[in-house]
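Here is the structure we will look at, set down as structure tokens.
The values are calculated or read from the model by the stated rules, or taken from the named source; none is laboratory data. Quantities reported herein were computed from a predicted structural model and do not represent experimental measurements. Note that we place each Cβ from the backbone using ideal geometry, even for glycine, and neighbour counts take in every protein chain shown.
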Amino acid sequence: MKAYVARQPILDRKQRVYGYELLFRTSMENIFPDLDHETATNRLLSDSFLTVGLENLAGKSRAFVNFPENLLLEKIPLHLPFTRMVVEILETVRPTPALVEACRDMSDQGVRFALDDFVLTPDWHPLLEIANIVKFDVLSTPQNELEDMLNQVSCYPVRLLAEKVETHEEFQKYLGMGFEYFQGYFFSKPAIVQSTGIPPLKINLLAIMAKIANPNLSLNELEELIGRDAGISYKLLRYINSAYFATVQKISSIRHAVSLLGLDAIRRFTSLLMMNQLGADKPDELVLSSAIRARFCDLLGQQSGCKECMQIDLFTLGLFSQLDALLDETMENCLNQLPLEGAIKDALIKNTGGGAVFLELVKKYERGDWEAVRKCAEELCVPDRNVPACYLEAVEWARALEAP
């Protein structure tokens with residue numbers, strides 16, 4: 001899939017992933033403009049546009065996808081794997097009798113709907129009867145208006161989704177107001193109530209990760225570091241023998257793995273496994289998104305014509321970019337524990353240097369800010385058309401780490 005598409009996680013009350021909203025560079029209307037029902041359906045199925053997106057980006061979770069009015073009237077969701085989707089209806093859709101009837105028919109067949117940014121007027125009531133989820137932009141809606149809207153929808157059998165939740169305090173607030181789902185980047189920020197310092201166990205993990213991140217690390221040193229933790233050794237070998245690598249022969253030792261995949265690859269996989277231990281008490285999505293960032297930065301670096309950036313360990317930069325959230329500390333305090341190269345520290349603490357631009361591109365891509373992505377790509381001499389493929393490969397690569 002060459003189109004620009006990103007995903008934003010939607011978490012439940014226990015901060016587990018419920019689904020992902022898929023963000024497209026252009027609207028669905030622009031992807032399938034002025035097509036009759038048969039042509040639109042055939043194009044959807046033959047191009048596998050959404051099908052591929054669902055598989056690569058959402059995995060086993062539900063994908064939230066915005067559909068414009070014309071595709072709803074044509075009941076296009078029925079021709080997609082709708083059991084793994086939530087169809088979003090925006091305020092731009094006119095709740096006409098024909099549209100309500102089309103949505104009711106799809107609902108009867110199992111399609112799930114979410115109302116997003118809608119105006120609570122009487123003509124929307126029939127869609128509220130069909131909807132499964134109602135989304136509220138809690139960032140731009142005044143508290144009194146939000147409470148009034150919640151009272152009005154309380155008589156409908158819908159679940160509430162708070163959109164644009166950006167802090168842990170906001171998460172707790174809307175949790176207390178009865179919201180079931182939460183969309184925003186609160187989970188990727190440190191929950192610093194009163195700093196008590198980084199626990200000794202995590203300091204030890206950081207020390208080992210710092211040694212593994214050293215590009216001059218020898219094979220013997222890597223074997224010795226991995227050998228200290230039987231759990232890491234087991235998980236690493238299990239991952240390398242997984243279907244993702246499709247190795248012909250079973251790999252039974254770290255040295256054997258290095259001979260096939262290279263020392264750098266094993267260093268990186270080991271760093272990811274240790275990051276997983278570091279974030280054992282955090283939402284899974286935080287560790288997963290750190291892995292995606294690591295691979296995304298790495299792949300973008302391979303596409304970049306920026307000579308300065310070639311000297312930066314972009315994989316480590318992306319991997320450690322949410323260390324503050326993993327440790328509930330300031331980034332500066334976190335990095336004081338790590339003897340990382342100056343360029344990485346400058347990017348993560350001061351937001352300066354070429355590494356900072358890579359991180360900016362990654363963050364803007366996550367949020368679907370496509371114009372900012374284009375500008376960052378231009379500054380880094382990364383071909384604009386190659387960015388989406390790098391993102392999709394990064395997601396697939398990181399998801400393989402979750403495989404049993």
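Is it the case that C334 is under 22 Å from A6 (Cβ atoms), modelled with pLDDT of 85 or more, hydrophobic (A, V, I, L, M, F, W, C) and assigned by TED's automatic domain parsing to the domain that holds V373? It is false that C334 is under 22 Å from A6 (Cβ atoms), modelled with pLDDT of 85 or more, hydrophobic (A, V, I, L, M, F, W, C) and assigned by TED's automatic domain parsing to the domain that holds V373. The lone criterion from (1) among the aliphatic types (A, V, I, L, M); (2) at pLDDT 90 or above; (3) surrounded by fewer than 20 Cβ atoms within 10 Å (Cβ to Cβ) left unmet by V287 is number (3).
Let's see how each residue does on (1) β-branched (V, I, T); (2) exposed (fewer than 15 other Cβ atoms within 10 Å of the Cβ); (3) assigned to a loop (DSSP other than H, G, I, E, B); (4) touching a helix residue (DSSP H, G or I) at 6+ places or on another chain (Cβ under 7 Å):
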position: Q337; (1), (2), (3), (4): no, no, yes, yes
position: A343; (1), (2), (3), (4): no, no, no, yes
position: T352; (1), (2), (3), (4): yes, yes, yes, yes
position: G355; (1), (2), (3), (4): no, no, no, yes
position: L359; (1), (2), (3), (4): no, no, no, yes
position: Y365; (1), (2), (3), (4): no, no, no, yes
position: G368; (1), (2), (3), (4): no, no, yes, no
position: V373; (1), (2), (3), (4): yes, no, no, yes
position: C376; (1), (2), (3), (4): no, no, no, yes
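Does D313 fit the bill of being modelled with pLDDT of 90 or more, within 17 Å of A210 (Cα to Cα) and in contact with a Pro (Cβ under 7 Å, 6 or more places away or on another chain)? Against the criterion (modelled with pLDDT of 90 or more, within 17 Å of A210 (Cα to Cα) and in contact with a Pro (Cβ under 7 Å, 6 or more places away or on another chain)), D313 does not qualify.
Do we have T83 as in a helix (DSSP H, G or I) and closer than 29 Å to Y185 by Cα here? Yes.
Each row is one residue, and each column tells you yes or no for (1) surrounded by 13 or more Cβ atoms within 10 Å (Cβ to Cβ); (2) within 20 Å of S253 (Cα to Cα).
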residue	(1), (2)
F179	yes, no
F182	yes, no
S188	yes, no
L201	no, no
L217	yes, yes
I226	yes, yes
A230	no, yes
S233	yes, yes
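Has region 219-233 got at least one residue that is under 25 Å from S61 (Cβ atoms) and touching a residue at least 12 places away in the same chain (Cβ under 8 Å)? Don't jump to the end; show me each part of the working.
Here is the first cut: in region 219-233, the ones under 25 Å from S61 (Cβ atoms) are none.
No; the residues of region 219-233 include none that is under 25 Å from S61 (Cβ atoms) and touching a residue at least 12 places away in the same chain (Cβ under 8 Å).
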